[in-house]
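Below you'll find the structure, written out as structure tokens, and then a few comments.
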């Protein structure tokens, strides 16, 4: 067994996996703090904080942080999602202690220099501008907002510009104080790593952190609805979603198999019908994403303004059809895609590191591959059929449209066709 | 030595590398046929052909192709660049023969069914629309066009919509006839692969192909100039380029080290000055790309309309400064980044497979890592300084601007500042 887990006395968890033959390692800290933990007036602060981590600590300037890792040829980065903030690095094996020291420093000792806050505000406003200029990026924020209106789960990770303009050092420090406790953190490392050495380092760096009383984020409530933004773009961007299982739900694998069979690859129904037979679009896919207490089955497609109506109708007709005639062959193919995709993905240390953190965060253990494969094998055609029926016939849909989309049908019309 | 090369009697080359411990393989065929091989009236056909490969062969429908690979959990894809078209797959090791059979089938026996051509035309027009809607995508096409005006090297890979609307089966067949010869193809495979078995299969599949007399594409001539497209976007997108060494040039490593030190990471001058100190942008980077007979050093940044002038001036001032004071420390860091980046990238079979094909295409052999590392080590600070001087003081620049860019200085003004 090369996966090892250790918990410090304050609840900080460490999970490592040694991958024989590798000369590099991926490592990082995943914190249970993301956009869904923000109150309305805090929206965007988790992401702002992620940026400020790189802007200097008590010991290091922004330049020192960048140089420390890049001097040894590594890289360091971070991301914020709805449930987590992750700070991670990839380095050659001899530099793992250095990377861990830098990550702990930026996570625990950010300086929040007011001048640097002002500078970084400009960077984040620019990031928001770039997202707003990218239709197939911003439309997913709108879909999320439509699915979960007036809830932390529905708010954009970057936050609205007007809030980003207002955050100050106290806001940042308060968010850290509230959510960056040791029980909210997981240190994961995969590749050329030595578990005992990492535990020893982690003990030094993190064992002094006091536990926090962290309030759970409000339960997500998938409401659904429609957002339509007409704009003079070349493409009409279409997204359609229905609530799907969260990652603690037994049905989560069924949802994954369903979405793969429906629109996960070139052989899927959606790709075959919309792109291969009709040539309606270049990008088209379905996917299922899972969070703690909810999940989302999503279809995205970009098409022309004249064809967005046809595409919307087709998506719903195919969803309707799949409730009736999902075949053993399709389900078997989706199982193979999930299994092989997992095996191939895990040959990459960064992907493996991320899986370790995710599994420990959800289950406090890392299921071995056989266990996961068994769960995939357990998904029968009958289960997928039942899942599809429940999803399509009782789920509340959400839809976001952007571009020359005046010709697209209303959500209510699509919903009627779905249950007809 | 785990890298093995074999050439069939008709000139078709095979290169493989076994990577111990892996259970999957990446494999593909790289063809010396891309946008730069197209005459004006053919612009977009290499890419159209790449799409048609997946639309059916004499033995397989489009669905059969997708199912063949996805039934075993693999994936198959393709891309077209200025110099190549690549068809590649990733599968578990037992499915390598199947993947090779599918790739050879789509490459050698495309059906070009006229009905499928019509359908795929719609898909490609949608792809063009999507690119046009994405500012930080389309701006690189404009930069390329500005650098290499009225030449195959400057034309967009997707082609203009009006040409894509006109291509027919004869155009496609003629392009295949002209460029898809055995000497123009390299089969590369990395991961859990058996060289001898692959050679045996390749012998069966490709040894019958007759050689072609392929005309070399016209030599690229970097002319430079400015394109400015004012549009109501949130971000002003700025790109600036100067000709850099092609991949056969001894200076190509110097160019890579220069661009890494100048704007390749968080510790680079450009990132530090523009983003960390001034907060002018979120995305900003410099890179050097290399082709057969030319290359391009490029800076990209997205900023606000009010700040695009400051950003352009800063870029040029930093380029000017780097001709005078590049330090040993910066060059050493860039060398470490290049070396470690290469080592970490090569832990991924897809990246390794692509490197094999590229090296065989350029050098007809695969330099070992030590040889490449020696070339990186040979790049001294003095060489980088001389390179920077030549680049900045004698290079002809190209610039493309998109968005609220009325406030950006003219290229002539920037050029004057560069050589002042």
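With respect to residue A:233, determine if the residue is farther than 30 Å from residue A:403 by Cβ and surrounded by 17 or more Cβ atoms within 10 Å (Cβ to Cβ). Taking the combined requirement at face value, the residue does not satisfy it. Restricting attention to segment B:338-347, the residues that are at the interface with another protein chain (Cβ under 7 Å from one of its Cβ atoms) and assigned to a helix (DSSP H, G or I) total 5. For the condition at the interface with chain A (Cβ under 10 Å from one of its Cβ atoms) and part of a helix (DSSP H, G or I), residue B:350 qualifies. Within segment B:108-120, the set of residues being part of a helix (DSSP H, G or I) and without any contact (Cβ under 8 Å) to a residue 60 or more places away in the chain comprises B:114, B:115, B:118.
Could you check, for segment A:371-379, whether at least one of its residues is farther than 23 Å from residue A:221 by Cβ, more than 14 Å from every other protein chain (Cβ to nearest Cβ), more than 22 Å from the chain's Cα centre (by Cα) and in a loop (DSSP other than H, G, I, E, B)? Yes, some residue in segment A:371-379 is farther than 23 Å from residue A:221 by Cβ, more than 14 Å from every other protein chain (Cβ to nearest Cβ), more than 22 Å from the chain's Cα centre (by Cα) and in a loop (DSSP other than H, G, I, E, B). Of everything listed in (1) assigned to a loop (DSSP other than H, G, I, E, B); (2) in contact with a strand residue (DSSP E or B) (Cβ under 8 Å, 6 or more places away or on another chain); (3) under 17 Å from residue B:362 (Cβ atoms), the single unmet condition for residue B:265 is (3). You will find that of A:143, A:158, the residue that is more than 26 Å from residue A:91 (Cα to Cα), within 14 Å of chain B (Cβ to nearest Cβ) and buried (at least 19 other Cβ atoms within 10 Å of the Cβ) is A:158 and no other.
Could you check, for segment B:268-287, whether at least one of its residues is more than 14 Å from chain A (Cβ to nearest Cβ), assigned to a strand (DSSP E or B) and either closer than 21 Å to residue B:398 by Cβ or at pLDDT below 95 (or both)? Yes. Based on this model, can you work out whether residue A:74 counts as under 25 Å from residue A:4 (Cβ atoms) and without any contact (Cβ under 8 Å) to a residue 40 or more places away in the chain? For residue A:74, the condition - under 25 Å from residue A:4 (Cβ atoms) and without any contact (Cβ under 8 Å) to a residue 40 or more places away in the chain - is met. The one condition from (1) part of a strand (DSSP E or B); (2) without any contact (Cβ under 8 Å) to a residue 12 or more places away in the chain that residue B:301 does not meet is (2). Tally the residues that are more than 14 Å from chain A (Cβ to nearest Cβ) and part of a helix (DSSP H, G or I), restricting the search to segment B:245-258. Residues flagged as more than 14 Å from chain A (Cβ to nearest Cβ) and part of a helix (DSSP H, G or I) within segment B:245-258 amount to 5. When A:310, A:347 are checked against the criterion of being surrounded by fewer than 18 Cβ atoms within 10 Å (Cβ to Cβ), over 18 Å from the mean Cα position of the chain (by Cα) and over 30 Å from residue A:152 (Cα atoms), a single residue qualifies: A:310. Scanning segment A:20-33 for residues that are modelled with pLDDT under 95 and touching a strand residue (DSSP E or B) at 6+ places or on another chain (Cβ under 9 Å) yields A:22, A:23. Quickly run through segment B:183-205 and pick out the residues that are surrounded by fewer than 22 Cβ atoms within 10 Å (Cβ to Cβ) and either in contact with a helix residue (DSSP H, G or I) (Cβ under 6 Å, 6 or more places away or on another chain) or without any contact (Cβ under 8 Å) to a residue 40 or more places away in the chain (or both). B:192, B:196, B:200, B:201, B:204, B:205 - these are the residues of segment B:183-205 that are surrounded by fewer than 22 Cβ atoms within 10 Å (Cβ to Cβ) and either in contact with a helix residue (DSSP H, G or I) (Cβ under 6 Å, 6 or more places away or on another chain) or without any contact (Cβ under 8 Å) to a residue 40 or more places away in the chain (or both). A single entry from B:114, B:135 fulfils the requirement of being modelled with pLDDT of 95 or more and more than 12 Å from every other protein chain (Cβ to nearest Cβ): B:114. A single member of A:335, A:320 is within 14 Å of chain B (Cβ to nearest Cβ) and in contact with a helix residue (DSSP H, G or I) (Cβ under 8 Å, 6 or more places away or on another chain), and it is A:335. All conditions but one from (1) out of contact with any helix residue (DSSP H, G or I) (no Cβ under 8 Å at 6 or more places or on another chain); (2) away from chain B (no Cβ under 14 Å); (3) at pLDDT 95 or above apply to residue A:306; the one that does not is (2). Within segment A:64-107, the residues that satisfy the criterion of being within 12 Å of chain B (Cβ to nearest Cβ), crowded, with 22+ Cβ neighbours inside 10 Å and not in a helix (DSSP H, G or I) are A:73, A:74, A:76, A:89, A:90, A:91.
Of everything in segment A:387-420 that is closer than 28 Å to residue A:131 by Cβ and part of a helix (DSSP H, G or I), the residue that is farthest from the other protein chains (Cβ to nearest Cβ) is A:411. Number of residues in segment B:277-287 that are under 21 Å from residue A:71 (Cβ atoms) and crowded, with 23+ Cβ neighbours inside 10 Å: the value is 2. Looking at A:331, A:316, A:322, which is the one that is touching a strand residue (DSSP E or B) at 6+ places or on another chain (Cβ under 9 Å) and either part of a helix (DSSP H, G or I) or modelled with pLDDT of 95 or more (or both)? A:316 is the lone residue from the list that is touching a strand residue (DSSP E or B) at 6+ places or on another chain (Cβ under 9 Å) and either part of a helix (DSSP H, G or I) or modelled with pLDDT of 95 or more (or both). Note on segment B:31-51: residues that are in a helix (DSSP H, G or I) and within 13 Å of the chain's Cα centre (by Cα) total 2.
Checking each residue in segment A:356-374 for being in contact with a helix residue (DSSP H, G or I) (Cβ under 8 Å, 6 or more places away or on another chain) and crowded, with 16+ Cβ neighbours inside 10 Å picks out A:366, A:372, A:373.
The values are calculated or read from the model by the stated rules, or taken from the named source; none is laboratory data. This one's a predicted model, so the numbers in the text were calculated from it and none came from an experiment. Cβ atoms come from the backbone with ideal geometry, glycine included; neighbour counts cover every protein chain shown.
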